[in-house]
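The values are calculated or read from the model by the stated rules, or taken from the named source; none is laboratory data. Since the structure is predicted, the reported quantities are computational estimates derived from the model, not experimental observations. As a convention, Cβ positions derive from the backbone with ideal geometry for all residues, glycine included, and neighbour counts pool all protein chains shown.
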Amino acid sequence: MAVRDLLKMGDPRLLRLARPVERFDTPELHGLVADLLDTMHANDGAGLAAPQIGVDLRVVVFQVENNPRYPDAEPVPLTVLINPELTALDPALEEGWEGCLSVPGLRGLVPRHRALRYRGRDAFGAPIDRTVGGFHARVVQHETDHLLGILYPMRMRDMSRFGFVDALPVA
C-alpha cells in the first residue's frame, strides 16, 4: 500500500504503550499490515512495529531473508504478529548486536533471551504459537519491545558498546 515515515528515537510517541487489536480481518488492519511490510522492506528492516510509524496498536511484522543489514543472520519467516505474548524458555541472556530503523546508523550490544515461545494472532485472527531461538528470538523481542515503549538502547548494559555502524570495530 504505502511506505510510511519512520519515527526516530527522541519522538515521544515511541515511548507509549500500544493498545491491543480488538477486531481482526478488517480493511484497516490489512492496510496497516501492508504499510508495515512496505515500509520494512523499503528500509531493509528485519522487523517493524506499528508504533514506529505512529500507530499505537500491538502489531509487529518481521522477516529476514538476504538482508543487507544482517548478512549473516539465519532466515526468519515472514510473520505478522498481533497482540503478542512472549514467554522466555531460557533464563540466560545472550548479548548480540542490534540496530533499529528508529535509531538509524547506530548499533548496540543488547542482552536478550536465547529461546522463547511467542503467541498471538495474524491479521485474520488465526492463532500463532511458535517456539524459537537465535536471531528469530532476538527479532521478536526487539519488535515487541516497541509495543511497550522500549527502544533497544534502553536495554543495553554497557554504553561503550553503542555507536555508529561505520565507527564500531564489530557490529
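Just a few scattered comments:
- Set side by side, the residues Pro68, Pro91 differ, and just one is surrounded by fewer than 19 Cβ atoms within 10 Å (Cβ to Cβ), more than 15 Å from Leu6 (Cα to Cα) and either without any contact (Cβ under 8 Å) to a residue 24 or more places away in the chain or touching a Phe, Trp or Tyr at 6+ places or on another chain (Cβ under 6 Å) (or both), which is Pro91.
- Any chance Asp90 is among the charged types (D, E, K, R) and more than 19 Å from Arg121 (Cβ to Cβ): yes
- Leu109 being among the aliphatic types (A, V, I, L, M), in contact with a helix residue (DSSP H, G or I) (Cβ under 9 Å, 6 or more places away or on another chain) and closer than 14 Å to Val59 by Cα: no
- The set of residues in region 94-119 being in contact (Cβ under 8 Å) with a residue 60 or more places away in the chain and of a type in the set (Gly, Ala, Ser) consists of Gly99, Ser102, Gly105.
- Residue within region 27-34 that is of a type in the set (Val, Ile, Thr), more than 24 Å from Gly96 (Cβ to Cβ), out of contact with any Asp or Glu (no Cβ under 7 Å at 6 or more places or on another chain) and surrounded by fewer than 20 Cβ atoms within 10 Å (Cβ to Cβ) present: yes
- Selection count, region 5-44, where residues are of a type in the set (Asp, Glu) and over 16 Å from Asp56 (Cα atoms): 3
- Criterion violated by Arg19 - all others in (1) over 19 Å from Gly125 (Cβ atoms); (2) in contact with a Lys or Arg (Cβ under 8 Å, 6 or more places away or on another chain); (3) not acidic (Asp, Glu) satisfied: (1)
- Test set (1) assigned to a loop (DSSP other than H, G, I, E, B); (2) over 15 Å from Val103 (Cβ atoms); (3) at pLDDT 95 or above - Met1 fails condition number: (3)
- When residues of region 118-165 are limited to those that are assigned to a helix (DSSP H, G or I) and among the aromatic types (Phe, Trp, Tyr), the one nearest to the chain's Cα centre (by Cα): Tyr152
- Residues located in region 120-162, provided they are basic (Lys, Arg) and under 23 Å from Val103 (Cβ atoms): Arg138, Arg155, Arg157, Arg161
- Between Arg138, Arg130, the distinction of being under 15 Å from Gln63 (Cβ atoms) and surrounded by fewer than 16 Cβ atoms within 10 Å (Cβ to Cβ) belongs to Arg130 only.
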